[in-house]
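**Student:** Quick one: the structure is below, and I'll ask about it shortly.
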Amino acid sequence: PLIGFVGGATVHLPSLGISIYPVGNFGVALYALIGTYAILKHRLLDVRVAFARGTILLIVYASIVGAPLLFIATSKPWLKTIFKANWFYPPLTLYTVLALLAPYFYLRLQTKAEQKRMLQQLRLHQSLKAASKTTIEVQNIDKLARIIPRYLLRLYKKLGNNIPHISLFLKDREEKIYKIKSSVGTNKLDGKMTISLESYLVKWFTVIRYILVENGVLKEKEAEVLVYEDLDYWMNKPVNVLLVPYKGLDKILKDLKEIMESLNANVILPSVYQKELLGFLILGEKTPEPYSQSDIDTFSILANDSAMAFKAAQLFEELKEAEARLIQSEKLNILGQLASSMAHEINNPLAIISGNVQLLLLDEKDEEKKKLLKKINDSTERGYKIIHRLLNFSKLPKDEIKEIDMNNMIDETLELLNHKIMHSNIQLERNYSPVQAIKGNPIQIQEVLLNLIVNAIQAMPQGGRLKLATKEVNNFVHIKIEDTGSGISEQDAQHIFDPFYTKGKENGTGLGLFVADQIMKLHRGIIEVKSKIGEGTSFMLRFMIKEKRRL
């Protein structure tokens, strides 16, 4: 307004005796251009509505002026002949009638145009509502992540709009990052892209926007969706809010601009369920028309509905996992009962076979027969081991729970295997950090360590490097056992904790790692494996530190 006023005021300077070129006309034009730019950039007005109303107004009032002029141009001689000096009365009457009817025609045409626009918007809302009902029934997260971007892209294409890409990021619960799950369009994003939890994009939707809304810097509706054009507008807002521990708002917004540019994003919709940020839906720039406020409002509804759909799918998958664990637990329970009830039935025949074989070995002179008898004896010994391990799989005895120094426990276990390590051409590396004691059964904890270290030694028949490290992280003691052996395939790594899984081990019972896993669970601990073929394997044990008594 100031530019328009100052520019227009210069027109009156010549009347005051001040000779100046009439630059005011340029100022008024500049004011109009700046106003138009602000309206388009910050969506202060729905451009489609303004354009439609302006066009209708132009047509109506062009008709009011044009019809009488056309009448005069074609009928002036005839009017002069009939009405003489009053020839202008009929055109003036026509002009008056049209001027009176103009508002009626304008409102009728405007209503028709509005109805058409509203019908299109209604169809869009109905389509998204139908999509929401469909998505809530999808119980697979990956499938749901593919459906939403594809549906949106097709929907806007039908409405005559082009969006270069629509991409969906979802939170990975294990790796604690946001991974791209789906990207569609002509310029779709790289499928390996990730967004860190420390990113200001995540902090914006989880913390910062709530601070700004609570302090009146932004309206709640403004903060629901992140639009690229809004960032410059927000930068100019006076902010007295102390964003601790964050930097100033301008720097945050600049970081957000850089992030949105790297993602080729024009609009980012957060998928939030009970203040938990499940993911983002990212949309590129829409052409030929920009996103309207109506589009943004529609996206907000879609974001809320998709959040519920993703949470429902997540809960369903967790339920399936829990059900699978329950079934596995029941199987193990039945297995334990079966092993206990049949132990004597199996042990007695094995004892008879083993005793008779040993007697035969004393008297047998034939070497071939001796080899055969030794194989039988070895098989009975293996049977004993399986029965022993199955029967030892039980709850922790309460009277054997003690405080354990894990650094000392590892050293004691290595002492037991010292001879084996020395004769296997294995270089031993120890990297211990001071750690607090844990509570547990020393015998069972040592069995876990023995299993893992023996496995590591067996994985390096030609020698190699065995690394053992300890450290304290938060409320856990971490123990890492790493070898440079042949490694385990990804498929085998998924089954190594299953009972009787002996892939690649001829003399194994298939119960060592299974028992180790169960012992860790009984101690409220975690065992994890990472491996690459040809590079080696590492096991990570996580034990909860003993709880301190409160005074």
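No lab work stands behind these numbers, since they all come straight from the coordinates. Here the structure is a predicted model, which means the values were calculated and not measured. Because the Cβ atoms are built from the backbone with ideal geometry, glycine has one as well, and the counts that use them run over all protein chains shown.
**Student:** Calculate the spin-label point distance for Ile533 paired with Val473, positioning each point 7 Å from the Cα along the beta-carbon direction, and give it in nanometres.
**Tutor:** 2.8
**Student:** Continuing with this model, one more query. What is the order of Leu30, Leu98, fewest Cβ neighbours within 10 Å to most?
**Tutor:** With the sparsest Cβ surroundings first, the list reads Leu30, Leu98.
**Student:** Also: Let me have the relative contact order for region 396-544, percent, based on Cα pairs under 8 Å that are six or more residues apart.
**Tutor:** This gives 23 percent for region 396-544.
**Student:** What are the aspartates and glutamates whose alpha-carbon lies under 16 Å from the alpha-carbon of Lys171, with same-chain residues fewer than 8 places away excluded?
**Tutor:** Correct list for Lys171: Asp142, Glu198, Glu276, Glu317, Glu318.
**Student:** Would you order Ile141, Ile353 from fewest to most other beta-carbon atoms within 10 Å of each residue's own beta-carbon?
**Tutor:** Going from sparsest to densest Cβ surroundings: Ile353, Ile141.
**Student:** If you don't mind, another one. In the neighborhood of Ile180, defined by Cβ-to-Cβ distances under 9 Å, what is the net charge if each Lys or Arg adds +1 and each Asp or Glu adds -1?
**Tutor:** +2
**Student:** For the pairs Lys157/Lys320; Lys143/Lys192; Lys176/Lys251; Lys320/Lys521; Lys112/Lys219, note any where the Cα-Cα span goes beyond 27 Å.
**Tutor:** Lys157/Lys320; Lys112/Lys219
**Student:** Next question. Can you spot the aspartates and glutamates whose alpha carbon is less than 17 Å from Lys532's alpha carbon? Ignore those fewer than 8 places along the same chain.
**Tutor:** Reachable aspartates and glutamates: Glu482, Asp483, Glu490, Asp492.
**Student:** Taking H as built 1.01 Å from N, whose amide H comes closer than 5 Å to the amide H of Lys532, not counting residues under 5 places away?
**Tutor:** Ile488
**Student:** Counting other C-beta atoms within 10 Å, which of Arg108, Arg146 has the fewest, and how do the rest follow?
**Tutor:** In increasing order of surrounding Cβ atoms, one gets Arg108, Arg146.
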